[in-house]
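One structure below.
The values are calculated or read from the model by the stated rules, or taken from the named source; none is laboratory data. Bear in mind that the values here come from a model prediction, so they are computed numbers and not experimental data. Methodologically, a virtual Cβ is constructed for each residue, glycine included, from the backbone with ideal geometry; neighbour enumeration extends over all protein chains shown.
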2 protein chains.
Amino acid sequence: MSGELPCPPDFADIRQAALRLHGLAHRTPVLTSTCFNDRTGAQLFFKCENFQKVGAFKFRGACNAIAALRPEQGRRGIITHSSGNHGQAVALAARLKGYPATVVMPDNAARIKVEAVRGYGAEIVFCEATTPARAATVQRCLSERGGTFIPPYDHPDVIAGQGTAALELLEDVAGLDLVIAPVGGGGLISGTAIAVKHLRPNCRVIAAEPANADDAARSFRSGRIEPVATTTTIADGLRTSLGELTFDVIRTQVDDVVTVSEHAMVDAMRQVWERMKIIIEPSCAVPLAALLEGAVDVAGQRVGIIITGGNVDLDQVGQWFGRAPG
Amino acid sequence: MSGELPCPPDFADIRQAALRLHGLAHRTPVLTSTCFNDRTGAQLFFKCENFQKVGAFKFRGACNAIAALRPEQGRRGIITHSSGNHGQAVALAARLKGYPATVVMPDNAARIKVEAVRGYGAEIVFCEATTPARAATVQRCLSERGGTFIPPYDHPDVIAGQGTAALELLEDVAGLDLVIAPVGGGGLISGTAIAVKHLRPNCRVIAAEPANADDAARSFRSGRIEPVATTTTIADGLRTSLGELTFDVIRTQVDDVVTVSEHAMVDAMRQVWERMKIIIEPSCAVPLAALLEGAVDVAGQRVGIIITGGNVDLDQVGQWFGRAPG
């Protein structure tokens, strides 16, 4: 959490991550949909990280970072903070390696997420739901217990781990013209860009985010990290600002950042549930929403979409889609 | 609709159906779930017909029956009745062969289903939502227009088509001890039993249905077709009574019929959405509910489950799972 900033990973780090993840992470399937091909005029390939362990791509980065530790480091424990999928990912990855894990969570975290982290055997330390309280609590845990801090995105091994999803996608699908993924903190899109630009330099890489959390688009245009202004998007995975490392990659290797409305996102999510019969979370629908809204020109192209996760609270579904219960 | 009853299909008919369906129906994936393996103490293999065309196994039977017609027969048109997945299946299968289709639907059919049938290019003829009105309307259409009637389950080619799902499952998964599928009219379970008992005679075949529509269980015990007494189950695909042909197969080739409560069904459906990140309809959750409730002893066994379909009205989800919208 201090000292000189490390470099972003390169393609060799992603290859090494893929070796580390073998047997620990799922190689997720790539699905296609005639319906969405017809609606976009493109050929779409959905890399289904909603079927990944803990239900999200986050497992790749956390698992790679933890598997990269020397055993004596790992045995001193892993510490992270998260109100979402990263906490579950760290908890499960640590358990698989037999290392103790501590997850700092805001005291207003959803019950279902607290239970999931606890179910994977991690200790939970609650803190106030503010950034300073969270940082102070992590720091306190590190001083009291020692151990290694694994941040949710701004870490070379986390970025390299996330890049393995795109690596598999390009191994499974030939001739892609474009790969599109959501951007929150930027771990996924930067790992994706490093993998894609190495394997297929002419393939475009585009980041998509909610207009209500358009910090990545503003940062991309201004050339410096712009903080998130509001957090009113329902895409709870995408409310974070970029990191130093991830922005460095996005600035240099991502071709564009596009934004979509909340309505388009919920509509795309619903269409995926109805047509593809898979559960995706709101954040996950952002790239497809961008294609359906015409924010990216994809006519006649072969397009890879990273489906990031499927962790939703089904109690909320009525609010997103529905009529009042009868 | 009249004359002597034909024989049930045999395994050769299922093989032939598989050839006819090649290139028309999807070969659907088989998914596994560590979570449900742990909860049942068995190894479960989910044959995902929710990813089938029109979102349900019904496409197999309709498509086989239509593909079996001589072209001059087909061109005179296809007629069926359905308030559910069979109507969509006939409409799409007829369109793929270039034949005109007419679907008789109750005038209270869900808007989403009417639109789906129309979207596949079939003509819709509405009738009152009663069995006599439906039969009379089908008969009138047949006299006025000619054409071939394809019933939803009690037809050798429909049964043979449905049996191809189990055929694929046994090709993809070795050493199954049990295959379990829901029973409504019996088309799926009878096709499944014919395929399984031919390929693997010692593999058990079990039918599962809601206790609120337990006509198959009562028929299996009494040895004659018992009509459905109530239709209060939310498993709308399983409210029908058995047919003559399907009962003949069930009576002789199915090992048992088990029932589950409405609560267990909804709970199993929710668990599948949450854990496997796939959308399944209520009818579809019945076999897994039976395993989770311990209605079938599966400890240590390899169990195939036919996941029948994923067509749900998302407007209803809040009613099934949720709290009131906030």
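Of the listed requirements (1) over 30 Å from A:Glu274 (Cβ atoms); (2) surrounded by fewer than 19 Cβ atoms within 10 Å (Cβ to Cβ), B:Glu274 misses just one: (1). Of the residues making up the stretch B:236-264, those that are over 15 Å from the mean Cα position of the chain (by Cα) and small (Gly, Ala, Ser) are B:Ser261, B:Ala264. Which residues, counting only those in the stretch B:154-170, are among the aliphatic types (A, V, I, L, M) and touching a helix residue (DSSP H, G or I) at 6+ places or on another chain (Cβ under 7 Å)? Residues satisfying the conditions are B:Val158, B:Ile159, B:Ala160, B:Ala165, B:Ala166, B:Leu167, B:Leu170.
How many residues are surrounded by fewer than 20 Cβ atoms within 10 Å (Cβ to Cβ), over 28 Å from A:Gly300 (Cα atoms) and among the charged types (D, E, K, R) when one looks only at the stretch A:38-83? Counting residues in the stretch A:38-83 that are surrounded by fewer than 20 Cβ atoms within 10 Å (Cβ to Cβ), over 28 Å from A:Gly300 (Cα atoms) and among the charged types (D, E, K, R) gives 4. Just to be sure, is B:Glu209 touching a Leu at 6+ places or on another chain (Cβ under 7 Å), closer than 30 Å to B:Thr28 by Cα and touching a residue at least 12 places away in the same chain (Cβ under 8 Å)? The answer is yes for B:Glu209. Which count do you get for residues in the stretch B:226-252 that are outside any loop (DSSP other than H, G, I, E, B), surrounded by fewer than 19 Cβ atoms within 10 Å (Cβ to Cβ) and not acidic (Asp, Glu)? Adding up the residues that qualify gives 2. Of the residues B:Cys7, B:Cys48, the single one that is closer than 29 Å to B:Ala289 by Cβ and either in contact (Cβ under 8 Å) with a residue 40 or more places away in the chain or within 14 Å of chain A (Cβ to nearest Cβ) (or both) is B:Cys48. Tell me, please, whether a residue that is in the same structural domain as B:Tyr99 (by TED's automatic domain parsing), of a type in the set (Ser, Thr, Tyr) and surrounded by 15 or more Cβ atoms within 10 Å (Cβ to Cβ) can be found in the stretch B:121-131. Scanning the stretch B:121-131 turns up no residue that is in the same structural domain as B:Tyr99 (by TED's automatic domain parsing), of a type in the set (Ser, Thr, Tyr) and surrounded by 15 or more Cβ atoms within 10 Å (Cβ to Cβ).
Against the list (1) part of a helix (DSSP H, G or I); (2) in contact with an Asp or Glu (Cβ under 9 Å, 6 or more places away or on another chain), the condition B:Thr102 fails is (1). Which of the residues spanning the stretch A:2-43 are in contact with a Cys (Cβ under 7 Å, 6 or more places away or on another chain) and assigned to a loop (DSSP other than H, G, I, E, B)? Across the stretch A:2-43, the qualifying residues are A:Leu24, A:Thr28, A:Pro29.
Here is a yes/no grid of residues against (1) in contact with a helix residue (DSSP H, G or I) (Cβ under 7 Å, 6 or more places away or on another chain); (2) closer than 24 Å to A:Asn50 by Cβ; (3) among the hydrophobic types (A, V, I, L, M, F, W, C); (4) not assigned by TED's automatic domain parsing to the domain that holds A:Val183:
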{"site": "A:Phe220", "(1), (2), (3), (4)": "yes, no, yes, no"}
{"site": "A:Val228", "(1), (2), (3), (4)": "yes, no, yes, no"}
{"site": "A:Arg239", "(1), (2), (3), (4)": "yes, yes, no, no"}
{"site": "A:Ala268", "(1), (2), (3), (4)": "yes, yes, yes, no"}
{"site": "A:Val272", "(1), (2), (3), (4)": "yes, yes, yes, no"}
{"site": "A:Arg275", "(1), (2), (3), (4)": "yes, yes, no, no"}
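Going by what's in this entry, would B:His26 be described as within 18 Å of the chain's Cα centre (by Cα), of a type outside the set (Gly, Ala, Ser) and assigned by TED's automatic domain parsing to the domain that holds B:Met269? Criteria met by B:His26. Tally up the residues in the stretch B:170-190 that are touching a strand residue (DSSP E or B) at 6+ places or on another chain (Cβ under 6 Å) and either over 21 Å from B:Leu238 (Cβ atoms) or buried (at least 24 other Cβ atoms within 10 Å of the Cβ) (or both), please. The number of residues fulfilling the criteria is 12. Scanning the stretch B:315-323 for any residue that is among the charged types (D, E, K, R), away from chain A (no Cβ under 14 Å) and farther than 26 Å from B:Val54 by Cα turns up nothing. Here the condition is being β-branched (Val, Ile, Thr) and under 18 Å from B:Asp154 (Cα atoms); of B:Ile206, B:Ile189, B:Ile234, B:Ile180, it holds for B:Ile189 alone. A single entry from A:Ala42, A:Ala18, A:Ala68 fulfils the requirement of being away from chain B (no Cβ under 14 Å), under 25 Å from A:Leu96 (Cα atoms) and over 19 Å from the mean Cα position of the chain (by Cα): A:Ala68. Set side by side, the residues B:Pro151, B:Pro132 differ, and just one is of a type outside the set (A, V, I, L, M, F, W, C) and under 19 Å from the mean Cα position of the chain (by Cα), which is B:Pro151.
Restricted to the stretch B:254-309, and to residues there that are part of a loop (DSSP other than H, G, I, E, B) and within 14 Å of chain A (Cβ to nearest Cβ), the residue that is nearest to B:Ile189 (Cα to Cα) is B:Thr308. Does the stretch A:2-13 contain any residue that is buried (at least 20 other Cβ atoms within 10 Å of the Cβ) and touching a strand residue (DSSP E or B) at 6+ places or on another chain (Cβ under 6 Å)? No, the stretch A:2-13 contains no residue that is buried (at least 20 other Cβ atoms within 10 Å of the Cβ) and touching a strand residue (DSSP E or B) at 6+ places or on another chain (Cβ under 6 Å).
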